[in-house]
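S.K.: I'd like to ask some things about the structure below.
The values are calculated or read from the model by the stated rules, or taken from the named source; none is laboratory data. Here the structure is a predicted model, which is why all the values come from computation and not from measurement. Positions of Cβ are generated from backbone atoms using ideal geometry, with glycine treated the same way; all protein chains shown enter the neighbour counts. Heads up: the accessible areas ignore ligands, DNA and RNA and are worked out on the full protein's heavy atoms, side chains in. Shrake-Rupley method; radii C 1.70, N 1.55, O 1.52, S 1.80 Å.
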Amino acid sequence: MNVKSISKNVGMALLVSSFFMLLGVVISLIDGKDSAFGALLISCMITFLTGVFPFIFVKGTQPISLKDGFVIIVLSWLLSFIFGMLPYIMWGGEMSLADAWFESVSGFTTTGATVLKDVEALPRSLLFWRSSTHFIGGLGVVVFLLLIIPSASPFRQRLTKLEVSSLFREGVQMQTNKLVSVIASVYVGIFALATVSLFLAGMPLFDAVTHGFSLCATGGFSVRNASIAAYDSLAINIVSVVFMIVATTNFALIYTCFIRRSLKPVLTNHIARFYLNSILITAAIIIISLKLQGTYDSWGDAVENGLFTTISYITTTGFAFTDNASWPFLACMVLMYVSVQCAMAGSTSSGIKVDRMMVVFKSIRRQIMSNLHPTGTMRIRMGNTFMPDDHVLPIVLYIVLYFFIIGISMGLLLMCGVGGTEAVSGSVACLGNVGPGLGEISAMGNYDAMPVMAKLIFSLDMFLGRIDIYPLLIVVSLIFKKEK
């Protein structure tokens, strides 16, 4: 294992976190040195010194191997979690060690699940750090690293292939160096536009910036206890809905739309159409369920609450808009489905992703047609191309593994004393990086009452969901693999 290259790359990822901690220190100074000033300053210094250490004392590097690349990815995320919890621990408040870990993992993985009962009790500087973990995690700890590494470096090319989803790369024909730049430029552009739009819609500047972090990362952390509902503004609701959908659209499509000055690339893309149709269909089912089963008296309230919540769940943003803890069974089941499917590959969404769901649905249809017409040749068509059979099997196996992890998590959570509703919905919500589930952990609830062991299980689910499962499993297998 190439320890020198690994340590330098991981150190660079920590320097990114230290920079945003420093911004939190600046905000604390602006607010007259609030209660989190010392916590953020010390955390920033510790994180910076740890990150810069390999660059001072480690001489020389070697080209990274495939194994080294996976180790860099996993360690970059894990150490970001560990150092990201330092400001919470040092500030204290209602945060225990387990709570600080949970909040840090939830932030970096853009899950948005929280253990905080009173978010507004935190000083603004700490709230900024909390939201900025979404911004770092949404773009990806390793993608930040890739932006710093010289474009000609073999490190960058190898890490890009490992970090960027294969589902994204299959539909994108561009060089590795340009791919990283496209992802970063679209991401920052979404953040900037979302922040300006929220500010113009009436949200205070600090709130607009922090919610802009959440929107571009589809994370869900808010600086208000009632989340988006606290503003009671139709304009802010519309801006939130628009940018939740935009941030979960394939970034390459967004980039193409920008270059061509047209929405045609999105509207004609078969995956984007499937995604938008799934939003409309699932939202319609939930709205009808809410109205006919008496949850809301008027169709207007049912549409407003049902549509926003559906989009919040399917985009994995997890913003709270209404208390859905007592929603009808059908509406809750549809929310669980969209929390599994989620949005498009090549965006900040997690979950199985609509790209894989399309392949599965088409595979089922092909199997049915093959049984009806045994002598016919049935192939899976994705857009204008046909998908080879050897590309289908890995996708099906990934989905099987995804549900296997949900099942294991549910079983462990039930053993920890977690209620059935919370165990099922929490496993789905955390593995999909959605955040809110059902029952006590619904949109207006939180994970504070969960046992310590349950919080650790949820944290592992969040991590697995953020890195698409396989990198962590590969590193674990490398650790336990016996050298021959």
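S.K.: Could you compute the net charge surrounding Ser227? Neighbours are other residues with a C-beta less than 12 Å from the C-beta of Ser227; K and R count +1, D and E count -1. Let's see the in-between values first.
M.R.: Details: positive: Arg224; negative: Glu120, Asp207, Asp232, Asp323.
Net of charged neighbours comes to -3.
S.K.: Turning to a different aspect of this structure: Taking θ as phi - 60°, what are the ³J(HN,Hα) couplings along segment 184-191 by the Karplus curve (6.51, -1.76, 1.60), each to the nearest whole Hz, with x for Gly and Pro?
M.R.: Going residue by residue, I get 5, 5, 5, 4, 5, x, 4, 4 Hz, with x marking Gly and Pro.
S.K.: What do you get when you divide the Cα radius of gyration of the chain by 2.2 N^0.38 Å, with N the number of residues? Kindly include the intermediate steps, with their values, before the conclusion.
M.R.: On the way: Rg = 22.0 Å, N = 484, 2.2 N^0.38 = 23.0 Å.
My calculation over the Cα atoms of the chain gives 0.95.
S.K.: From the helices alone, meaning DSSP H stretches of at least four residues, give me the mean residue ellipticity at 222 nm for the chain, per-run term -39500 (n - 2.57), in deg cm²/dmol to the nearest 500. Intermediate results must be reported in sequence, preceding the final value.
M.R.: On the way: 22 runs with 327 residues, N = 484.
The helix-only estimate for the chain comes to -22000 deg cm²/dmol at 222 nm.
S.K.: What does the charge count near Leu290 come to, summing +1 for each Lys or Arg and -1 for each Asp or Glu among other residues with Cβ under 13 Å from its Cβ? Could the numbers behind the result be given before it?
M.R.: Details: positive: Lys291; negative: Asp297, Asp301, Glu304, Asp323.
Around Leu290, the surrounding residues sum to -3.
S.K.: Listed highest first by mean packing, meaning other Cβ atoms within 10 Å per residue, what order do 89-101, 327-339 come in?
M.R.: Values: 89-101: 17.4, 327-339: 19.8.
Ranking, from highest mean packing down: 327-339, 89-101.
S.K.: For a quick check of understanding: with a 1.4 angstrom probe and all protein chains in place, what accessible area in square angstrom does Glu120 have, to the nearest ten?
M.R.: My reading of the accessible area for Glu120 is about 100 Å².
S.K.: Charges only on Cβ, +1 for Lys and Arg, -1 for Asp and Glu: so what's the dipole of the chain about the Cα centre, in debye to the nearest 20?
M.R.: Dipole of the chain, to the nearest 20 debye: 2100 debye.
S.K.: With an 8 Å Cα cut-off and a minimum separation of 6 or more residues, compute the relative contact order for segment 207-258 in percent.
M.R.: Details: 27 pairs, mean separation 17.0, N = 52.
Relative contact order for segment 207-258 comes out at 33 percent.
S.K.: Of Leu478, Ser459, Tyr447, which is farthest towards the positive pole of the chain's charge dipole, taken about the Cα centre with +1 and -1 on the beta-carbons of Lys, Arg and Asp, Glu respectively?
M.R.: Among Leu478, Ser459, Tyr447, the one farthest towards the positive end of the dipole of the chain is Leu478.
S.K.: Among Ile405, Ile285, Ala113, pick out the residue whose Cα is farthest towards the positive end of the charge dipole of the chain, where Lys and Arg carry +1 and Asp and Glu carry -1 on C-beta, about the Cα centre.
M.R.: Positive-most Cα among the choices belongs to Ile405.
S.K.: Once ligands and nucleic acids are excluded and a 1.4 Å probe is used, how much of Met369 is accessible, expressed in Å² to the nearest 10?
M.R.: Here the residue's solvent-accessible area equals roughly 50 Å².
S.K.: Over the residues of segment 1-97, compute the C-alpha Rg and express it relative to 2.2 N^0.38 Å. Working shown, then result.
M.R.: Details: Rg = 15.4 Å, N = 97, 2.2 N^0.38 = 12.5 Å.
Dividing the Cα radius of gyration by 2.2 N^0.38 Å gives 1.23.
S.K.: If DNA, RNA and ligands are ignored and the probe is 1.4 Å, what is the ranking of Arg381, Arg466, Arg365 by accessible area, most exposed first? Please list the in-between numbers first.
M.R.: On the way: Arg381 125, Arg466 45, Arg365 155 Å².
Of Arg381, Arg466, Arg365, the descending order of accessible area is Arg365, Arg381, Arg466.
S.K.: Which of the pairs Lys8/Lys117; Lys353/Lys455; Lys67/Lys455; Lys33/Lys117 have their Cα atoms more than 32 Å apart in this structure?
M.R.: Numbers: Lys8/Lys117 38 Å; Lys353/Lys455 25 Å; Lys67/Lys455 30 Å; Lys33/Lys117 24 Å.
Checking Cα-Cα distances, Lys8/Lys117 exceed 32 Å.
S.K.: Would you kindly calculate the mean projected area, averaged across all directions, of the convex hull enclosing the Cα atoms of segment 397-474, in square nanometres? Mind dumping the intermediate values first?
M.R.: Values: hull surface 18.7 nm².
The directionally averaged projection comes out at 4.7 nm².
S.K.: Divide the volume of the convex hull of the Cα atoms of segment 207-304 by its number of residues and quote the answer in cubic angstrom per residue. Don't skip to the answer; put the middle values down first.
M.R.: Values: hull volume 12.3 nm³, N = 98.
Cα-based convex hull of segment 207-304, divided per residue, equals 125 Å³.
S.K.: Of the trypsin sites (Lys or Arg not before Pro) in segment 1-110, which ones lie in a loop per DSSP and count no more than 12 other C-beta atoms within 10 Å? Can you show the working numbers first?
M.R.: Details: sites: Lys4, Lys8, Lys33, Lys59, Lys67; in loops: Lys33, Lys59.
Within segment 1-110, the qualifying trypsin sites (Lys or Arg not before Pro) (loop, at most 12 other Cβ atoms within 10 Å) are Lys59.
S.K.: Please list, ordered by chain and number, the residues whose modelled amide H lies under 5 Å from the amide H of Met382; skip anything fewer than 5 residues away on the same chain.
M.R.: Those lying under 5 Å, H to H, from Met382 are Met387.
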